1. Within segment 365-376, can one find any residue that is more than 16 Å from Ala301 (Cα to Cα) and touching a Gly at 6+ places or on another chain (Cβ under 6 Å)?
2. Any chance you could count how many residues in segment 175-194 are out of contact with any helix residue (DSSP H, G or I) (no Cβ under 7 Å at 6 or more places or on another chain) and either among the small types (Gly, Ala, Ser) or surrounded by fewer than 20 Cβ atoms within 10 Å (Cβ to Cβ) (or both)?
3. Would you point out which residue out of Gln176, Gln207 is of a type outside the set (Asp, Glu), in a helix (DSSP H, G or I) and touching a residue at least 60 places away in the same chain (Cβ under 8 Å)?
4. Kindly check whether there is at least one residue in segment 368-378 that is modelled with pLDDT of 85 or more, assigned to a strand (DSSP E or B) and touching a Leu at 6+ places or on another chain (Cβ under 9 Å).
5. On the given criteria, is Val323 in the same structural domain as Ala467 (by TED's automatic domain parsing), more than 30 Å from Glu443 (Cβ to Cβ) and crowded, with 17+ Cβ neighbours inside 10 Å?
6. Which residues, taken from segment 471-484, are out of contact with any Leu (no Cβ under 7 Å at 6 or more places or on another chain) and at pLDDT 85 or above?
7. Given the criteria of a type in the set (A, V, I, L, M, F, W, C), assigned to a helix (DSSP H, G or I) and farther than 27 Å from Thr199 by Cβ, does Ala459 qualify?
Amino acid sequence: MSAAAKHVDATRSTDGPVLEISHLDVTFATDGGDVPAVKDVSLQVRPGEVLAIVGESGSGKTVTARTVLGLLPETATSQGVVLVNGRDVVSVSPAELRKIRGRDVAMVFQEPSTALNPVFTVGWQIAEGLRAHSRDGHRMSRKEAREKAVEALRKVGIPDPETRVDYYPHQLSGGQKQRVVIAAALALNPGLIVADEPTTALDVTVQAEILDLLRELRDQYGTSIVLITHNMGVVADLADRVVVMYRGDVVEEAPVRTLFAEPKQDYTKDLLAAVPHLGRDSASEGATERLRQGGKVLVEARNLGISFPGRFGRAGFTAVDGVSFTISEREVFGLVGESGSGKSTIGRAIAGLNRITGGSLTVFGHEMNGFKERDFKPLRKDIGFVFQDPAASFNPHLTIGECIAEPLLIHRKPSAADARRRVGELLESVQLPSSYAGRYPHELSGGQRQRASLARSLALNPPLVIADEPTSALDVSVQAKVLELFRELQEEYGFAALFISHDLAVVDMLSHWVGVLHRGHLVEQGIGSQVMGQPSQDYTKRLIASLPVPDPDEQARRREAHRDLLQG
(Lines give C-alpha, C1' and ligand atoms only; values in the text may rest on other atoms or scores of the structure.)
Protein backbone atom coordinates (compact mmCIF):
# COMPACT_ATOMS: atom_id res chain seq x y z
CA MET A 1 0.00 0.00 0.00
CA SER A 2 1.28 3.49 -0.89
CA ALA A 3 2.18 6.11 1.73
CA ALA A 4 -0.82 8.18 0.63
CA ALA A 5 -3.13 5.24 1.14
CA LYS A 6 -1.68 4.58 4.63
CA HIS A 7 -2.19 8.21 5.55
CA VAL A 8 -5.78 8.10 4.37
CA ASP A 9 -6.47 4.88 6.23
CA ALA A 10 -5.00 6.35 9.40
CA THR A 11 -7.57 9.15 9.38
CA ARG A 12 -10.49 6.93 8.42
CA SER A 13 -12.39 4.51 10.59
CA THR A 14 -12.42 0.97 9.26
CA ASP A 15 -14.45 -0.58 12.06
CA GLY A 16 -17.79 -0.16 10.32
CA PRO A 17 -19.27 0.67 6.93
CA VAL A 18 -18.29 3.92 5.25
CA LEU A 19 -21.93 4.40 4.26
CA GLU A 20 -25.01 2.96 5.89
CA ILE A 21 -28.54 3.74 4.69
CA SER A 22 -31.45 2.47 6.78
CA HIS A 23 -35.14 2.63 5.81
CA LEU A 24 -34.73 5.69 3.58
CA ASP A 25 -37.89 7.24 2.13
CA VAL A 26 -37.82 10.23 -0.24
CA THR A 27 -40.98 11.95 -1.45
CA PHE A 28 -41.33 14.86 -3.88
CA ALA A 29 -44.12 17.41 -3.54
CA THR A 30 -45.75 18.21 -6.89
CA ASP A 31 -48.87 20.06 -8.06
CA GLY A 32 -50.50 16.68 -8.59
CA GLY A 33 -49.70 15.46 -5.09
CA ASP A 34 -46.81 13.72 -3.34
CA VAL A 35 -44.69 11.36 -5.49
CA PRO A 36 -42.62 8.70 -3.69
CA ALA A 37 -39.18 8.35 -5.32
CA VAL A 38 -37.40 6.08 -2.81
CA LYS A 39 -39.23 3.60 -0.58
CA ASP A 40 -37.68 1.93 2.47
CA VAL A 41 -34.18 1.55 0.99
CA SER A 42 -31.44 0.04 3.14
CA LEU A 43 -27.86 -0.68 2.04
CA GLN A 44 -24.23 -0.55 3.21
CA VAL A 45 -20.88 0.23 1.61
CA ARG A 46 -17.76 -1.18 3.26
CA PRO A 47 -14.26 0.37 3.14
CA GLY A 48 -12.60 -0.18 -0.24
CA GLU A 49 -15.77 -1.62 -1.79
CA VAL A 50 -17.44 -0.68 -5.08
CA LEU A 51 -21.23 -0.89 -4.80
CA ALA A 52 -23.17 -0.51 -8.05
CA ILE A 53 -26.77 0.71 -7.93
CA VAL A 54 -28.53 -0.16 -11.18
CA GLY A 55 -31.99 0.33 -12.59
CA GLU A 56 -33.98 2.25 -15.18
CA SER A 57 -34.62 5.99 -15.15
CA GLY A 58 -37.05 6.74 -12.36
CA SER A 59 -35.93 3.78 -10.26
CA GLY A 60 -34.62 6.08 -7.53
CA LYS A 61 -30.90 5.33 -7.84
CA THR A 62 -29.77 8.94 -8.39
CA VAL A 63 -32.14 10.25 -5.70
CA THR A 64 -30.62 7.75 -3.26
CA ALA A 65 -27.11 8.87 -4.24
CA ARG A 66 -27.90 12.58 -3.88
CA THR A 67 -29.32 11.96 -0.42
CA VAL A 68 -25.85 10.86 0.68
CA LEU A 69 -24.55 14.39 0.02
CA GLY A 70 -27.70 16.26 1.03
CA LEU A 71 -28.25 17.46 -2.54
CA LEU A 72 -32.01 16.93 -2.75
CA PRO A 73 -34.15 19.90 -3.89
CA GLU A 74 -36.42 21.80 -1.51
CA THR A 75 -39.46 19.94 -2.84
CA ALA A 76 -38.06 16.65 -1.47
CA THR A 77 -38.82 15.26 1.98
CA SER A 78 -36.63 12.46 3.33
CA GLN A 79 -37.03 10.11 6.26
CA GLY A 80 -34.71 7.42 7.56
CA VAL A 81 -31.01 7.31 8.40
CA VAL A 82 -28.04 7.99 6.09
CA LEU A 83 -24.77 7.53 8.00
CA VAL A 84 -21.46 8.66 6.46
CA ASN A 85 -18.63 7.61 8.77
CA GLY A 86 -21.16 7.41 11.59
CA ARG A 87 -22.76 10.85 11.04
CA ASP A 88 -26.36 11.17 9.85
CA VAL A 89 -26.43 13.55 6.85
CA VAL A 90 -30.24 13.71 6.97
CA SER A 91 -30.35 15.36 10.39
CA VAL A 92 -27.08 17.37 10.65
CA SER A 93 -27.01 21.16 10.38
CA PRO A 94 -26.17 22.81 7.02
CA ALA A 95 -22.78 23.91 8.40
CA GLU A 96 -21.91 20.36 9.46
CA LEU A 97 -23.14 19.02 6.12
CA ARG A 98 -20.75 21.35 4.27
CA LYS A 99 -17.88 19.89 6.31
CA ILE A 100 -18.91 16.34 5.38
CA ARG A 101 -19.10 17.11 1.66
CA GLY A 102 -15.72 16.84 0.01
CA ARG A 103 -13.89 15.60 3.10
CA ASP A 104 -15.90 12.45 3.89
CA VAL A 105 -17.91 11.98 0.69
CA ALA A 106 -17.63 13.55 -2.76
CA MET A 107 -19.66 13.24 -5.94
CA VAL A 108 -18.69 12.72 -9.57
CA PHE A 109 -21.52 14.02 -11.72
CA GLN A 110 -22.80 12.50 -14.95
CA GLU A 111 -22.10 15.45 -17.24
CA PRO A 112 -18.74 17.14 -16.60
CA SER A 113 -19.51 19.98 -19.03
CA THR A 114 -22.29 21.20 -16.75
CA ALA A 115 -20.51 20.28 -13.49
CA LEU A 116 -17.53 22.50 -14.38
CA ASN A 117 -17.82 26.29 -14.48
CA PRO A 118 -16.82 27.48 -17.99
CA VAL A 119 -15.39 30.83 -16.80
CA PHE A 120 -12.83 29.45 -14.31
CA THR A 121 -9.75 27.33 -14.95
CA VAL A 122 -9.91 23.70 -13.89
CA GLY A 123 -7.13 24.32 -11.37
CA TRP A 124 -9.09 27.11 -9.71
CA GLN A 125 -12.16 24.87 -9.46
CA ILE A 126 -10.19 22.05 -7.82
CA ALA A 127 -8.54 24.50 -5.42
CA GLU A 128 -11.93 25.98 -4.51
CA GLY A 129 -12.83 22.86 -2.55
CA LEU A 130 -9.42 22.81 -0.87
CA ARG A 131 -9.78 26.41 0.28
CA ALA A 132 -13.33 25.81 1.53
CA HIS A 133 -12.14 22.98 3.79
CA SER A 134 -8.91 24.53 5.14
CA ARG A 135 -8.35 23.17 8.65
CA ASP A 136 -7.85 25.00 11.94
CA GLY A 137 -8.44 28.43 10.43
CA HIS A 138 -5.34 28.01 8.21
CA ARG A 139 -6.00 29.85 4.96
CA MET A 140 -4.36 28.01 2.10
CA SER A 141 -2.16 30.23 -0.07
CA ARG A 142 -2.74 30.48 -3.80
CA LYS A 143 0.59 28.75 -4.46
CA GLU A 144 -0.20 25.88 -2.09
CA ALA A 145 -3.68 25.42 -3.59
CA ARG A 146 -2.21 25.36 -7.10
CA GLU A 147 0.35 22.72 -6.10
CA LYS A 148 -2.37 20.51 -4.64
CA ALA A 149 -4.52 20.99 -7.76
CA VAL A 150 -1.58 19.93 -9.95
CA GLU A 151 -1.07 16.87 -7.77
CA ALA A 152 -4.77 15.99 -8.02
CA LEU A 153 -4.62 16.23 -11.84
CA ARG A 154 -1.48 14.08 -11.88
CA LYS A 155 -3.23 11.48 -9.71
CA VAL A 156 -6.04 11.07 -12.27
CA GLY A 157 -3.65 10.81 -15.22
CA ILE A 158 -4.02 14.23 -16.87
CA PRO A 159 -0.92 14.70 -19.07
CA ASP A 160 1.29 17.72 -18.36
CA PRO A 161 -0.74 18.78 -15.28
CA GLU A 162 1.51 21.80 -14.58
CA THR A 163 0.28 23.35 -17.83
CA ARG A 164 -3.28 22.02 -17.97
CA VAL A 165 -4.07 23.24 -14.47
CA ASP A 166 -4.53 26.64 -16.18
CA TYR A 167 -6.82 25.28 -18.92
CA TYR A 168 -10.49 26.15 -19.13
CA PRO A 169 -13.00 23.27 -19.45
CA HIS A 170 -13.63 23.89 -23.17
CA GLN A 171 -9.92 23.26 -23.86
CA LEU A 172 -10.20 19.65 -22.66
CA SER A 173 -11.77 16.57 -24.23
CA GLY A 174 -14.81 14.86 -22.70
CA GLY A 175 -12.67 12.17 -21.06
CA GLN A 176 -10.23 14.75 -19.68
CA LYS A 177 -13.11 16.81 -18.25
CA GLN A 178 -14.43 13.71 -16.51
CA ARG A 179 -10.95 13.15 -15.04
CA VAL A 180 -10.94 16.75 -13.78
CA VAL A 181 -14.29 16.17 -12.04
CA ILE A 182 -12.83 13.05 -10.42
CA ALA A 183 -9.71 15.04 -9.43
CA ALA A 184 -11.90 17.66 -7.74
CA ALA A 185 -13.74 14.89 -5.88
CA LEU A 186 -10.41 13.38 -4.74
CA ALA A 187 -8.76 16.62 -3.67
CA LEU A 188 -9.54 16.11 0.04
CA ASN A 189 -9.05 12.31 0.04
CA PRO A 190 -12.69 11.43 0.85
CA GLY A 191 -13.41 7.92 2.06
CA LEU A 192 -16.41 7.62 -0.28
CA ILE A 193 -17.01 8.72 -3.87
CA VAL A 194 -20.49 8.70 -5.37
CA ALA A 195 -20.14 8.39 -9.16
CA ASP A 196 -23.41 9.11 -11.00
CA GLU A 197 -23.25 7.63 -14.52
CA PRO A 198 -19.55 8.66 -14.86
CA THR A 199 -19.09 7.02 -18.29
CA THR A 200 -22.51 7.32 -19.97
CA ALA A 201 -21.57 9.81 -22.69
CA LEU A 202 -17.98 8.62 -23.20
CA ASP A 203 -16.47 6.56 -26.01
CA VAL A 204 -15.60 2.96 -25.17
CA THR A 205 -11.84 3.68 -25.14
CA VAL A 206 -12.23 6.71 -22.85
CA GLN A 207 -14.71 4.76 -20.74
CA ALA A 208 -12.12 2.00 -20.26
CA GLU A 209 -9.60 4.62 -19.06
CA ILE A 210 -12.06 6.10 -16.54
CA LEU A 211 -12.93 2.63 -15.21
CA ASP A 212 -9.23 1.81 -14.83
CA LEU A 213 -8.81 5.09 -12.94
CA LEU A 214 -11.66 4.33 -10.53
CA ARG A 215 -10.28 0.82 -10.00
CA GLU A 216 -6.85 2.29 -9.23
CA LEU A 217 -8.37 4.68 -6.69
CA ARG A 218 -9.99 1.77 -4.91
CA ASP A 219 -6.84 -0.38 -4.95
CA GLN A 220 -4.22 2.26 -4.10
CA TYR A 221 -6.11 4.62 -1.82
CA GLY A 222 -8.78 2.37 -0.31
CA THR A 223 -11.55 4.61 -1.64
CA SER A 224 -15.09 3.26 -1.45
CA ILE A 225 -17.25 3.94 -4.51
CA VAL A 226 -21.00 4.03 -5.05
CA LEU A 227 -21.45 3.58 -8.79
CA ILE A 228 -24.77 4.69 -10.29
CA THR A 229 -25.18 3.27 -13.81
CA HIS A 230 -27.46 1.53 -16.26
CA ASN A 231 -24.52 -0.01 -18.17
CA MET A 232 -24.28 -3.63 -17.06
CA GLY A 233 -20.89 -4.00 -18.77
CA VAL A 234 -19.51 -1.26 -16.50
CA VAL A 235 -21.02 -3.06 -13.51
CA ALA A 236 -19.33 -6.32 -14.51
CA ASP A 237 -16.03 -4.51 -14.99
CA LEU A 238 -15.82 -2.58 -11.72
CA ALA A 239 -18.39 -3.52 -9.07
CA ASP A 240 -17.93 -5.85 -6.09
CA ARG A 241 -21.61 -5.87 -5.11
CA VAL A 242 -24.79 -4.83 -6.91
CA VAL A 243 -28.09 -3.33 -5.72
CA VAL A 244 -30.96 -3.44 -8.24
CA MET A 245 -33.68 -0.79 -7.88
CA TYR A 246 -37.09 -0.60 -9.52
CA ARG A 247 -39.61 2.20 -8.95
CA GLY A 248 -38.01 3.26 -5.69
CA ASP A 249 -37.61 -0.23 -4.20
CA VAL A 250 -34.54 -2.45 -3.82
CA VAL A 251 -35.61 -5.63 -5.58
CA GLU A 252 -32.33 -7.55 -5.40
CA GLU A 253 -28.86 -7.32 -3.86
CA ALA A 254 -25.96 -9.72 -4.42
CA PRO A 255 -22.21 -10.00 -5.11
CA VAL A 256 -21.53 -9.13 -8.73
CA ARG A 257 -20.68 -12.66 -9.91
CA THR A 258 -23.73 -14.14 -8.18
CA LEU A 259 -26.04 -11.54 -9.70
CA PHE A 260 -24.86 -12.12 -13.26
CA ALA A 261 -24.74 -15.92 -12.92
CA GLU A 262 -27.92 -16.50 -10.90
CA PRO A 263 -30.29 -13.50 -10.89
CA LYS A 264 -33.31 -14.25 -8.73
CA GLN A 265 -35.83 -11.55 -9.63
CA ASP A 266 -37.61 -11.37 -12.99
CA TYR A 267 -36.79 -7.67 -13.30
CA THR A 268 -33.06 -8.36 -12.91
CA LYS A 269 -33.28 -11.13 -15.51
CA ASP A 270 -35.04 -8.77 -17.93
CA LEU A 271 -32.42 -6.08 -17.28
CA LEU A 272 -29.57 -8.48 -18.09
CA ALA A 273 -31.37 -9.90 -21.13
CA ALA A 274 -31.77 -6.39 -22.57
CA VAL A 275 -28.01 -5.77 -22.72
CA PRO A 276 -26.72 -5.91 -26.33
CA HIS A 277 -23.80 -8.33 -26.56
CA LEU A 278 -21.17 -8.14 -29.28
CA GLY A 279 -21.45 -11.11 -31.64
CA ARG A 280 -24.90 -12.10 -30.43
CA ASP A 281 -27.91 -11.48 -32.69
CA SER A 282 -25.78 -9.76 -35.35
CA ALA A 283 -27.81 -8.19 -38.17
CA SER A 284 -25.15 -8.99 -40.76
CA GLU A 285 -25.16 -12.77 -40.41
CA GLY A 286 -25.68 -14.04 -43.98
CA ALA A 287 -27.48 -10.90 -45.15
CA THR A 288 -25.06 -8.32 -46.47
CA GLU A 289 -23.67 -10.05 -49.54
CA ARG A 290 -27.22 -10.71 -50.74
CA LEU A 291 -28.16 -7.08 -50.16
CA ARG A 292 -25.13 -5.67 -51.96
CA GLN A 293 -25.37 -7.88 -55.04
CA GLY A 294 -28.32 -6.05 -56.64
CA GLY A 295 -29.05 -3.11 -54.37
CA LYS A 296 -29.19 0.38 -55.82
CA VAL A 297 -26.52 2.68 -54.39
CA LEU A 298 -28.11 5.66 -52.61
CA VAL A 299 -24.98 7.27 -51.14
CA GLU A 300 -21.44 7.03 -52.49
CA ALA A 301 -18.36 8.75 -51.06
CA ARG A 302 -15.06 8.75 -52.95
CA ASN A 303 -12.01 10.19 -51.18
CA LEU A 304 -14.37 12.44 -49.22
CA GLY A 305 -12.74 15.35 -47.43
CA ILE A 306 -14.32 17.82 -45.03
CA SER A 307 -12.30 20.66 -43.51
CA PHE A 308 -13.29 23.58 -41.32
CA PRO A 309 -11.51 26.94 -41.63
CA GLY A 310 -9.45 28.24 -38.74
CA ARG A 311 -10.22 31.45 -36.90
CA PHE A 312 -8.12 34.25 -35.45
CA GLY A 313 -5.09 33.27 -37.52
CA ARG A 314 -5.22 29.58 -36.64
CA ALA A 315 -4.86 26.81 -39.18
CA GLY A 316 -7.94 25.00 -40.42
CA PHE A 317 -9.03 21.59 -39.14
CA THR A 318 -9.54 18.51 -41.30
CA ALA A 319 -12.38 16.44 -39.84
CA VAL A 320 -12.71 13.85 -42.65
CA ASP A 321 -9.85 12.82 -44.93
CA GLY A 322 -10.00 10.47 -47.93
CA VAL A 323 -13.07 8.46 -46.86
CA SER A 324 -14.77 6.14 -49.36
CA PHE A 325 -17.91 4.02 -48.83
CA THR A 326 -21.34 3.28 -50.27
CA ILE A 327 -24.81 2.84 -48.77
CA SER A 328 -27.18 0.69 -50.82
CA GLU A 329 -30.96 0.56 -50.62
CA ARG A 330 -32.45 -1.42 -47.69
CA GLU A 331 -29.00 -1.55 -46.06
CA VAL A 332 -27.95 -0.30 -42.62
CA PHE A 333 -24.40 1.07 -42.72
CA GLY A 334 -22.93 1.39 -39.21
CA LEU A 335 -20.30 4.06 -38.62
CA VAL A 336 -18.29 3.66 -35.41
CA GLY A 337 -15.39 5.50 -33.83
CA GLU A 338 -14.43 7.76 -30.96
CA SER A 339 -15.62 11.33 -30.47
CA GLY A 340 -13.91 13.58 -32.99
CA SER A 341 -13.43 10.79 -35.52
CA GLY A 342 -15.77 12.47 -38.03
CA LYS A 343 -18.87 10.27 -37.74
CA SER A 344 -21.45 13.01 -37.22
CA THR A 345 -19.66 15.28 -39.69
CA ILE A 346 -20.20 12.68 -42.44
CA GLY A 347 -23.84 12.20 -41.45
CA ARG A 348 -24.48 15.93 -41.59
CA ALA A 349 -22.72 16.18 -44.97
CA ILE A 350 -25.05 13.55 -46.44
CA ALA A 351 -28.01 15.61 -45.23
CA GLY A 352 -26.53 18.77 -46.74
CA LEU A 353 -25.81 20.33 -43.35
CA ASN A 354 -22.00 20.34 -43.77
CA ARG A 355 -20.13 21.45 -46.87
CA ILE A 356 -17.57 19.03 -48.29
CA THR A 357 -14.19 20.40 -49.33
CA GLY A 358 -12.60 17.51 -51.20
CA GLY A 359 -13.39 14.35 -53.12
CA SER A 360 -16.91 13.38 -54.11
CA LEU A 361 -20.13 12.63 -52.27
CA THR A 362 -23.24 11.70 -54.22
CA VAL A 363 -26.64 11.43 -52.52
CA PHE A 364 -29.42 9.98 -54.71
CA GLY A 365 -27.15 10.76 -57.67
CA HIS A 366 -26.74 14.41 -56.66
CA GLU A 367 -23.14 15.63 -56.27
CA MET A 368 -22.70 17.37 -52.91
CA ASN A 369 -19.31 18.93 -53.69
CA GLY A 370 -20.25 22.53 -54.41
CA PHE A 371 -24.00 21.82 -54.27
CA LYS A 372 -26.53 24.63 -54.33
CA GLU A 373 -29.28 24.65 -51.75
CA ARG A 374 -32.06 25.27 -54.27
CA ASP A 375 -30.99 22.17 -56.23
CA PHE A 376 -30.71 19.91 -53.19
CA LYS A 377 -33.82 21.12 -51.34
CA PRO A 378 -36.24 18.81 -53.23
CA LEU A 379 -34.15 15.82 -52.06
CA ARG A 380 -34.36 16.70 -48.37
CA LYS A 381 -37.76 15.03 -48.11
CA ASP A 382 -36.03 11.73 -48.97
CA ILE A 383 -33.76 11.90 -45.91
CA GLY A 384 -35.00 11.32 -42.35
CA PHE A 385 -32.85 12.37 -39.38
CA VAL A 386 -32.94 10.88 -35.88
CA PHE A 387 -30.99 13.10 -33.50
CA GLN A 388 -29.01 12.05 -30.44
CA ASP A 389 -31.01 14.22 -28.03
CA PRO A 390 -34.70 14.43 -28.97
CA ALA A 391 -35.36 16.78 -26.04
CA ALA A 392 -33.13 19.36 -27.75
CA SER A 393 -34.33 18.66 -31.30
CA PHE A 394 -38.06 19.06 -30.49
CA ASN A 395 -39.56 22.54 -30.21
CA PRO A 396 -40.76 22.72 -26.58
CA HIS A 397 -43.59 25.07 -27.57
CA LEU A 398 -45.12 22.56 -30.00
CA THR A 399 -47.02 19.40 -29.17
CA ILE A 400 -45.57 16.03 -30.17
CA GLY A 401 -48.16 15.82 -32.95
CA GLU A 402 -47.10 19.21 -34.32
CA CYS A 403 -43.41 18.22 -34.18
CA ILE A 404 -44.04 15.00 -36.09
CA ALA A 405 -46.26 16.75 -38.64
CA GLU A 406 -43.71 19.49 -39.37
CA PRO A 407 -41.98 17.66 -42.30
CA LEU A 408 -45.40 16.89 -43.80
CA LEU A 409 -46.52 20.50 -43.61
CA ILE A 410 -43.29 21.75 -45.19
CA HIS A 411 -43.05 19.29 -48.08
CA ARG A 412 -46.61 18.07 -48.80
CA LYS A 413 -48.98 20.60 -47.24
CA PRO A 414 -51.76 18.12 -46.38
CA SER A 415 -55.12 19.10 -44.93
CA ALA A 416 -55.43 19.25 -41.15
CA ALA A 417 -57.44 16.02 -41.11
CA ASP A 418 -54.87 14.17 -43.29
CA ALA A 419 -52.01 15.44 -41.12
CA ARG A 420 -53.74 14.24 -37.92
CA ARG A 421 -54.41 10.84 -39.48
CA ARG A 422 -50.79 10.47 -40.61
CA VAL A 423 -49.45 11.51 -37.19
CA GLY A 424 -51.71 8.91 -35.55
CA GLU A 425 -50.39 6.22 -37.90
CA LEU A 426 -46.80 7.19 -37.21
CA LEU A 427 -47.28 7.16 -33.43
CA GLU A 428 -48.85 3.71 -33.61
CA SER A 429 -45.98 2.48 -35.82
CA VAL A 430 -43.49 3.42 -33.07
CA GLN A 431 -45.74 1.85 -30.41
CA LEU A 432 -47.01 5.08 -28.82
CA PRO A 433 -50.71 5.81 -28.26
CA SER A 434 -52.15 8.29 -30.76
CA SER A 435 -53.33 10.37 -27.79
CA TYR A 436 -49.68 11.34 -27.20
CA ALA A 437 -50.00 13.71 -30.16
CA GLY A 438 -51.49 16.27 -27.76
CA ARG A 439 -48.64 16.07 -25.25
CA TYR A 440 -45.60 18.33 -25.12
CA PRO A 441 -42.02 16.95 -25.32
CA HIS A 442 -41.33 17.47 -21.59
CA GLU A 443 -44.34 15.29 -20.77
CA LEU A 444 -42.71 12.21 -22.33
CA SER A 445 -39.90 10.04 -20.96
CA GLY A 446 -36.54 9.83 -22.74
CA GLY A 447 -37.46 6.59 -24.48
CA GLN A 448 -40.87 7.93 -25.54
CA ARG A 449 -39.27 11.09 -26.96
CA GLN A 450 -36.82 8.98 -28.94
CA ARG A 451 -39.71 6.96 -30.36
CA ALA A 452 -41.44 10.19 -31.35
CA SER A 453 -38.20 11.38 -32.97
CA LEU A 454 -38.11 8.16 -34.97
CA ALA A 455 -41.75 8.72 -36.01
CA ARG A 456 -40.88 12.23 -37.24
CA SER A 457 -37.97 10.90 -39.30
CA LEU A 458 -40.36 8.48 -41.07
CA ALA A 459 -43.13 11.03 -41.70
CA LEU A 460 -42.36 11.27 -45.43
CA ASN A 461 -41.44 7.57 -45.94
CA PRO A 462 -37.84 8.49 -46.78
CA PRO A 463 -35.63 5.93 -48.55
CA LEU A 464 -32.69 7.01 -46.33
CA VAL A 465 -32.54 7.61 -42.55
CA ILE A 466 -29.55 9.07 -40.70
CA ALA A 467 -29.55 8.04 -37.02
CA ASP A 468 -26.89 9.91 -35.01
CA GLU A 469 -26.28 8.23 -31.61
CA PRO A 470 -30.04 7.69 -31.12
CA THR A 471 -29.74 5.48 -28.03
CA SER A 472 -26.58 6.67 -26.26
CA ALA A 473 -28.41 8.35 -23.35
CA LEU A 474 -31.11 5.70 -22.85
CA ASP A 475 -31.42 3.04 -20.16
CA VAL A 476 -30.44 -0.43 -21.26
CA SER A 477 -34.04 -1.74 -21.21
CA VAL A 478 -35.40 1.34 -23.03
CA GLN A 479 -32.49 1.14 -25.48
CA ALA A 480 -33.33 -2.49 -26.22
CA LYS A 481 -36.94 -1.56 -27.04
CA VAL A 482 -35.91 1.35 -29.29
CA LEU A 483 -33.33 -0.78 -31.11
CA GLU A 484 -35.82 -3.59 -31.67
CA LEU A 485 -38.33 -1.01 -32.92
CA PHE A 486 -35.73 0.47 -35.29
CA ARG A 487 -34.97 -2.97 -36.67
CA GLU A 488 -38.68 -3.79 -37.17
CA LEU A 489 -39.37 -0.46 -38.88
CA GLN A 490 -36.35 -0.86 -41.15
CA GLU A 491 -37.58 -4.26 -42.27
CA GLU A 492 -41.17 -3.03 -42.67
CA TYR A 493 -40.48 0.23 -44.53
CA GLY A 494 -37.30 -0.92 -46.26
CA PHE A 495 -35.36 2.30 -45.79
CA ALA A 496 -31.57 2.41 -45.92
CA ALA A 497 -29.84 3.89 -42.88
CA LEU A 498 -26.58 5.41 -41.74
CA PHE A 499 -26.38 4.39 -38.07
CA ILE A 500 -23.80 6.41 -36.14
CA SER A 501 -22.74 5.17 -32.71
CA HIS A 502 -19.77 4.58 -30.42
CA ASP A 503 -21.46 1.48 -28.97
CA LEU A 504 -20.08 -1.43 -30.97
CA ALA A 505 -22.62 -3.94 -29.67
CA VAL A 506 -25.51 -1.72 -30.79
CA VAL A 507 -23.96 -1.26 -34.24
CA ASP A 508 -23.42 -5.02 -34.55
CA MET A 509 -27.06 -5.66 -33.66
CA LEU A 510 -28.45 -3.32 -36.36
CA SER A 511 -25.87 -2.90 -39.14
CA HIS A 512 -25.25 -5.01 -42.22
CA TRP A 513 -22.07 -3.19 -43.18
CA VAL A 514 -19.71 -1.44 -40.74
CA GLY A 515 -17.09 1.27 -41.21
CA VAL A 516 -14.55 2.18 -38.50
CA LEU A 517 -13.39 5.81 -38.36
CA HIS A 518 -10.26 7.04 -36.62
CA ARG A 519 -9.27 10.71 -36.69
CA GLY A 520 -11.10 11.30 -39.95
CA HIS A 521 -9.79 8.20 -41.74
CA LEU A 522 -11.84 5.10 -42.53
CA VAL A 523 -9.41 2.47 -41.27
CA GLU A 524 -11.60 -0.59 -41.84
CA GLN A 525 -14.94 -1.55 -43.34
CA GLY A 526 -16.78 -4.71 -44.24
CA ILE A 527 -19.57 -7.07 -43.23
CA GLY A 528 -20.48 -6.24 -39.64
CA SER A 529 -19.97 -9.70 -38.17
CA GLN A 530 -16.55 -10.01 -39.83
CA VAL A 531 -15.32 -6.56 -38.73
CA MET A 532 -16.49 -7.18 -35.15
CA GLY A 533 -15.47 -10.83 -35.02
CA GLN A 534 -12.19 -10.79 -36.97
CA PRO A 535 -10.87 -7.21 -37.16
CA SER A 536 -7.77 -6.69 -39.27
CA GLN A 537 -6.66 -3.28 -37.94
CA ASP A 538 -5.06 -2.67 -34.54
CA TYR A 539 -7.31 0.32 -33.86
CA THR A 540 -10.45 -1.79 -34.40
CA LYS A 541 -9.02 -4.46 -32.10
CA ARG A 542 -8.41 -1.84 -29.37
CA LEU A 543 -11.91 -0.45 -29.85
CA ILE A 544 -13.50 -3.88 -29.45
CA ALA A 545 -11.27 -4.80 -26.51
CA SER A 546 -12.32 -1.58 -24.73
CA LEU A 547 -16.02 -2.55 -24.80
CA PRO A 548 -17.10 -3.95 -21.40
CA VAL A 549 -19.28 -7.04 -21.58
CA PRO A 550 -21.96 -8.05 -19.03
CA ASP A 551 -20.01 -10.98 -17.59
CA PRO A 552 -17.53 -10.38 -14.73
CA ASP A 553 -15.23 -13.31 -15.56
CA GLU A 554 -15.18 -12.66 -19.30
CA GLN A 555 -14.69 -8.95 -18.67
CA ALA A 556 -11.68 -9.65 -16.43
CA ARG A 557 -10.10 -11.61 -19.28
CA ARG A 558 -10.93 -8.86 -21.79
CA ARG A 559 -9.43 -6.25 -19.48
CA GLU A 560 -6.12 -8.12 -19.38
CA ALA A 561 -6.19 -8.58 -23.18
CA HIS A 562 -6.84 -4.85 -23.56
CA ARG A 563 -3.83 -4.02 -21.39
CA ASP A 564 -1.67 -6.36 -23.46
CA LEU A 565 -2.84 -4.59 -26.65
CA LEU A 566 -1.98 -1.18 -25.23
CA GLN A 567 1.44 -2.36 -24.04
CA GLY A 568 2.11 -4.08 -27.35
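The values are calculated or read from the model by the stated rules, or taken from the named source; none is laboratory data. What you see is a predicted model; the values in this text were computed from it and never measured. As a convention, Cβ positions derive from the backbone with ideal geometry for all residues, glycine included, and neighbour counts pool all protein chains shown.
1. yes
2. 2
3. Every option except Gln207 fails the conditions.
4. no
5. yes
6. Selection gives Glu484 alone.
7. It is false that Ala459 is of a type in the set (A, V, I, L, M, F, W, C), assigned to a helix (DSSP H, G or I) and farther than 27 Å from Thr199 by Cβ.
Rundown of residues vs (1) assigned by TED's automatic domain parsing to the domain that holds Ala37; (2) surrounded by 18 or more Cβ atoms within 10 Å (Cβ to Cβ); (3) within 30 Å of Val465 (Cβ to Cβ), yes/no style:
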| position | (1), (2), (3) |
| --- | --- |
| Val250 | yes, yes, no |
| Val299 | no, yes, yes |
| Arg314 | no, no, no |
| Ala319 | no, yes, yes |
